[in-house]
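Everything below concerns the one structure shown next.
The values are calculated or read from the model by the stated rules, or taken from the named source; none is laboratory data. Since the model is a prediction, treat every value here as computed from it, not as a measurement. Glycine also receives a Cβ, built like all others from the backbone with ideal geometry; neighbour counts cover every protein chain displayed. We work out accessible area using only protein heavy atoms, side chains counted, and drop any ligands, DNA or RNA first. Shrake-Rupley method; radii C 1.70, N 1.55, O 1.52, S 1.80 Å.
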Amino acid sequence: MSRLTIALAPAVLTLVLAACAPGPATDLTGSTGPARACFYQDDVSSFQPGEGRSIYVRAVGADIFELTATAHCRDLDSADVLAFTPVPGPARRLCVGDHALLSVSTSVSPSAPCRVEVTRRLTAEEAAALPDRYRP
């Protein structure tokens with residue numbers, strides 16, 4: 001192979017893989033299943049720790065998503081700001097089944113991130129049935 005071919009191979013591979021990735025407006029409906037429920041991390045308007053390892057976030061509008069931490073997230077009860085880092089990759093959109101690192105910032109100091117999974121989007125009935133202390 002020529003040096004030019006070797007040098008261009010990673011760029012071509014990146015373009016091919018990017019072309020296969022779904023865009024933000026892509027319907028993720030499979031031939032047999034429903035569309036995956038997603039939210040953009042920039043659209044989270046509020047959050048509230050739930051029972052156990054659950055964390056509830058409200059996306060813009062009425063959508064409430066339940067996230068489940070793989071371990072205890074320190075300082076979540078006194079958090080001022082949450083930040084998501086999707087695992088893997090820099091995507092801004094998180095869908096049910098996706099994993100992310102959740103960074104919690106308090107007025108005192110930032111804490112270590114904890115790993116979470118987007119478990120589900122609550123139905124309107126489930127969101128209305130959430131106790132006030134868990135409702136974002």
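Stretched out straight at 0.36 nm per residue, the stretch from Arg115 to His72 would grow longer than its current Cα-Cα span by 14.6 nm. Rg over Rh for segment 52-121 works out to 0.94, using Cα positions for both radii and the Kirkwood form for Rh. Pop out the carbon and sulfur fraction of the accessible area of segment 37-136 as a percent, whole number, probe 1.4 Å. The C+S portion of the solvent-accessible surface of segment 37-136 is 51 percent. The residues of segment 39-112 expose on average 52 square angstrom of accessible surface per residue, using a 1.4 Å probe on protein heavy atoms. Sorted on the mean count of surrounding Cβ atoms within 10 Å across their residues, most packed first, peptides 125-133, 69-77 read 69-77, 125-133.
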